[in-house]
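These notes are about the structure you will find just below.
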Amino acid sequence: MTQRTFSIIKPDATKRNITGKINAVIEGAGLRIVAQRRIQMTEAQAKKFYEVHKERPFYGELVETMTSAPVVVQVLEGENAVAKYREVMGATNPEQAAEGTIRKLFALNVGENSVHGSDSLENAAIEIAQFFTDADIAG
Ligand code: RTP
Ligand code: MG
């Protein structure tokens with residue numbers, strides 16, 4: 001089934017100027033970047049985006065990290081895009097990420113792990129709508 005998922009290339013990656021290298025891994029895995037924009041996330045946007053984690057001890061740090069430099073927000077399209085992108089990203093903690101995954105290749109640590117990807121089809125739609133309108137997406 002063709003799906004769309006939401007991706008963020010995080011500040012640790014934009015700071016190191018490796019967004020193209022990450023996009024090459026995404027495209028190499030057969031996912032198409034059908035929308036993409038570089039933005040400076042506001043504190044309000046980051047807090048809303050990570051609201052599910054607001055009781056977690058790392059929430060404050062997470063919001064701070066996500067607003068520390070620009071991010072690239074993206075919509076990725078492909079066969080089973082949600083699960084496929086989670087696979088391409090690798091485990092949250094790069095020490096546990098499989099060879100060849102984005103986090104194994106590029107992440108610095110669990111907090112600076114280079115990418116975000118939606119964890120379900122339902123959340124993908126919610127997250128895409130937070131940053132893109134239908135007119136922004138050309139599949
Ligand atoms: P993401 O949401 O960014 O795609 O990552 P994920 O699903 O693999 O991980 P999740 O559990 O949703 O956590 C969201 C982000 O919070 C940071 N985190 N820090 N210090 C910590 O123990 C810790 N745990 C999670 C990570 O940057 C993670 O991507
Ligand atoms: Mg998550």
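Worth pointing out:
- Residues located in segment 96-106, provided they are part of a loop (DSSP other than H, G, I, E, B) and either within 14 Å of ligand 2 (Cβ to nearest atom) or exposed (fewer than 14 other Cβ atoms within 10 Å of the Cβ) (or both): 98, 99, 100
- Among all positions in segment 53-61, there is no residue which is within 27 Å of residue 21 (Cα to Cα) and touching a residue at least 60 places away in the same chain (Cβ under 8 Å).
- Boolean, residue 72 is touching an Asp or Glu at 6+ places or on another chain (Cβ under 8 Å) and either assigned to a loop (DSSP other than H, G, I, E, B) or among the hydrophobic types (A, V, I, L, M, F, W, C) (or both): no
- Of all residues making up segment 29-51, the number that are loosely packed, with under 15 Cβ neighbours inside 10 Å, within 14 Å of residue 6 (Cβ to Cβ) and within 15 Å of ligand 2 (Cβ to nearest atom): 1
- Note on segment 52-73: among residues that are hydrophobic (A, V, I, L, M, F, W, C) and within 13 Å of ligand 2 (Cβ to nearest atom), the one that is nearest to residue 15 (Cα to Cα) is 66.
- Lone qualifier among 96, 40 - being more than 21 Å from residue 129 (Cβ to Cβ), more than 9 Å from ligand 1 (Cβ to nearest atom) and not aliphatic (A, V, I, L, M): 96
- The set of residues from segment 107-134 being outside any loop (DSSP other than H, G, I, E, B) and over 21 Å from residue 41 (Cα atoms) comprises 121, 122.
No value in this document is a laboratory result; all are computed from the given coordinates. From a predicted model like this one, the values you see are computed outputs, not experimental measurements. As a convention, Cβ positions derive from the backbone with ideal geometry for all residues, glycine included, and neighbour counts pool all protein chains shown.
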